[in-house]
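Input: a single structure, listed below in structure tokens.
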Amino acid sequence: MHINKNVCLLSSALMVLGTAAGCSQKAESKTEESSNMQIQTAVADIPQYDGYTLLWHDEFDGEKLNMDIWNYEPHQPGWTNNELQEYTTSEDNVFLRNGKLVIKAIKTIGSKGSAHYTSGKITSKNKKSFTYGKIVARAKVPEGKGLWPAIWMMPQDEGLYGQWPKCGEIDIMEVLGNQTDTAYGTIHYGEPHAQQQGTYILKNGTFSSDYHDFSVEWEPGEIRFYIDGNLYKTVNDWFTAVKGEDEKPYPAPFNQPFFVQLNLAVGGTWPGNPDKTTNFENAEFEVDYVRVYQKPEYDMNVKKPEKIFRKPLEDGNYIYNGNFSEQEDLTDDVNWKFLLAQGGEGAAEIKDGMLTITSTNQGAVDYSVQLVQPEIPMIKGKKYKISFDAYADEPRDIIVCISAPTNGWIRYFPDTTLTLSTKPQTYTYEFEMAEKDDPNGRLEFNLGNRGSIAAVHLTNVRVEEIQ
């Protein structure tokens with residue numbers, strides 16, 4: 001098959017293990033062609049997408065897991081992310097039921113009273129790897145503190161660009177069991193570790209009360225995340241490198257064969273551990289189907305987007321609406337955004353040139369109650385000044401920082417705790433940017449888990465370059 005330098009031709013018979021990253025080769029036998037004909041016959045009722053051909057799929061309609069597609073991946077507890085579960089090959093943890101794949105987390109109590117958790121993880125590694133495509137999975141997640149279901153992808157050759165995160169990772173769906181109205185789609189990459197994450201919150205219902213379609217369209221130079229057909233995150237700017245070396249040519253590391261993984265974790269650094277409210281009788285991650293589609297060709301001539309840095313206001317302030325003179329939607333991604341997580345409860349309001357945050361539950365972590373403004377340009381070697389006026393209804397602590405949400409959440413200005421009094425006071429901090437240029441620094445005010453729910457009042461917020 002002809003391949004030119006700009007376009008790589010693909011077909012449903014070609015993206016098997018051993019295919020070069022993004023490039024295709026002809027099917028080698030009539031057996032494969034016959035198999036493909038059988039697939040086409042069997043999937044006549046499966047929805048098609050314009051421009052795509054079905055590459056492979058599993059409807060989970062059989063009695064046993066299809067081992068031509070999937071592998072069990074057993075691991076001992078604590079293998080990663082401080083998770084508690086042991087991944088097993090037991091059919092108690094992974095099985096088919098009524099046309100669904102079920103991954104079940106099981107809790108048992110040992111003779112000394114300690115809890116032991118088992119669960120399941122399956123992957124298509126060495127069996128169904130592919131480069132670029134549309135991945136669609138329909139699933140329903142379990143509800144319960146500490147439960148962490150995921151649909152995600154890793155590269156077939158993790159050493160091609162270096163071990164994680166340099167190799168890249170595509171998380172099609174993650175949901176925390178104690179917050180099942182919210183799903184996340186994420187890519188991980190680079191050294192230092194960087195990530196970009198989209199969040200989708202249901203207006204009605206939860207991801208544990210019904211099945212939903214989770215989808216990714218992965219192309220050279222762009223990855224798009226969807227839920228129920230709704231686009232909620234697009235990423236097209238990433239990198240990978242080995243420390244001390246130049247970055248690999250874009251779009252590395254997302255230009256190589258990846259495989260699909262499905263698992264249900266228990267505990268870990270992100271969801272936290274189960275508690276007495278977690279019901280393991282219903283700790284089941286149910287997957288209706290996994291379908292992978294692919295376009296017949298992809299344009300390989302892609303370039304990394306140029307970084308666009310926000311311009312300061314006329315007075316040099318990089319914070320927009322820092323004096324809160326304008327009313328704005330504090331739930332969107334424009335200028336200020338108010339966020340709640342991990343049990344935090346509260347509200348934010350702009351009034352009379354002041355933003356006031358009222359909390360009713362401080363939550364479990366410092367970012368449980370949080371006010372942020374992203375897209376703050378951070379240039380290596382430049383010096384910056386942060387300043388703001390603040391007070392509280394009662395003396396209390398808050399934390400201020402400038403973080404890197406697309407660069408592994410490192411801190412350009414470190415987490416700094418300050419104690420607010422009941423009288424307005426001006427706070428000023430200076431720092432030098434030591435990391436590589438980033439157009440997406442994020443100013444954060446973190447009010448969670450500080451031992452107080454006293455209201456906080458802010459105004460005259462500034463971030464400016466001083467040298």
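The values are calculated or read from the model by the stated rules, or taken from the named source; none is laboratory data. In this text the structure is predicted, and so the values were computed from the model without any measurement. Counting neighbours? That spans all protein chains shown, and the Cβs are built from the backbone with ideal geometry, glycine included.
General remarks:
- In a residue-by-residue description of the stretch 378-392, the property of being touching a Gly at 6+ places or on another chain (Cβ under 7 Å) and within 22 Å of ASP332 (Cβ to Cβ) applies to no position.
- Apart from one condition, VAL302 fits all of (1) hydrophobic (A, V, I, L, M, F, W, C); (2) more than 23 Å from the chain's Cα centre (by Cα); (3) within 30 Å of ILE386 (Cβ to Cβ); the exception is (3).
- Residue match in the stretch 110-120 (condition: touching a His at 6+ places or on another chain (Cβ under 7 Å), over 30 Å from ASP299 (Cβ atoms), modelled with pLDDT of 95 or more and in the same structural domain as PHE225 (by TED's automatic domain parsing)): no
- Taking the stretch 217-335 as the region of interest, the strands (runs of 3 or more DSSP E) fully inside it that hold 1 or more residues being under 30 Å from LYS107 (Cα atoms) are 258-266, 284-294.
- Taking the stretch 163-178 as the range and being more than 19 Å from PRO249 (Cα to Cα) and either in contact with a Pro (Cβ under 6 Å, 6 or more places away or on another chain) or assigned to a loop (DSSP other than H, G, I, E, B) (or both) as the test, the residues that pass are VAL175, LEU176, GLY177, ASN178.
- Selection status of GLN370, touching a Leu at 6+ places or on another chain (Cβ under 6 Å) and closer than 21 Å to GLY353 by Cα: yes
- Matching option when the condition is modelled with pLDDT of 95 or more, farther than 26 Å from GLU73 by Cα and surrounded by fewer than 21 Cβ atoms within 10 Å (Cβ to Cβ), among THR186, THR206, THR199: THR206
- Put simply, of GLY244, GLY229, GLY267 the only residue that is touching a Gly at 6+ places or on another chain (Cβ under 7 Å), assigned by TED's automatic domain parsing to the domain that holds THR131 and at positive phi is GLY267.
- Filter result for LEU147 (over 23 Å from GLN256 (Cβ atoms), surrounded by fewer than 21 Cβ atoms within 10 Å (Cβ to Cβ) and among the aliphatic types (A, V, I, L, M)): no
- Checking TYR391 against (1) touching a His at 6+ places or on another chain (Cβ under 6 Å); (2) crowded, with 21+ Cβ neighbours inside 10 Å; (3) among the aromatic types (Phe, Trp, Tyr), the condition it does not meet: (2)
- In the stretch 286-298, the condition of being in contact (Cβ under 8 Å) with a residue 40 or more places away in the chain and either among the basic types (Lys, Arg) or farther than 27 Å from ILE135 by Cβ (or both) is met by at least one residue.
- Long-range neighbours under 7 Å by Cβ, at least six apart or interchain, first residue among the basic types (Lys, Arg) within the stretch 223-251, second outside any strand (DSSP E or B): LYS243/GLU191; LYS248/TYR161; LYS248/THR240; LYS248/ALA241
- Strands (runs of 3 or more DSSP E) wholly inside the stretch 59-141 that include at least 3 residues being surrounded by 13 or more Cβ atoms within 10 Å (Cβ to Cβ), touching a residue at least 12 places away in the same chain (Cβ under 8 Å) and among the aliphatic types (A, V, I, L, M): 100-104, 133-140
- Per the listing GLU326, GLU286, the residue uniquely on the phi < 0 side of the Ramachandran plot and not assigned by TED's automatic domain parsing to the domain that holds MET173 is GLU326.
- Among the conditions (1) exposed (fewer than 12 other Cβ atoms within 10 Å of the Cβ); (2) in the same structural domain as VAL456 (by TED's automatic domain parsing); (3) not acidic (Asp, Glu), ALA347 misses just one, which is (1).
- Filter result (closer than 30 Å to ALA283 by Cβ and of a type in the set (Asp, Glu)) within the stretch 191-239: ASP210, ASP213, ASP228
- Here ASP181, ASP228, ASP171 are screened, and the one residue that is under 14 Å from TRP270 (Cβ atoms), at pLDDT 95 or above and in contact with a Phe, Trp or Tyr (Cβ under 9 Å, 6 or more places away or on another chain) is ASP171.
- Residue in the stretch 351-373 that is modelled with pLDDT of 95 or more, basic (Lys, Arg) and not assigned by TED's automatic domain parsing to the domain that holds VAL461 present: no
- Set GLN425, GLN373: member being exposed (fewer than 14 other Cβ atoms within 10 Å of the Cβ) and either in contact with a Lys or Arg (Cβ under 8 Å, 6 or more places away or on another chain) or over 28 Å from THR186 (Cβ atoms) (or both): GLN425
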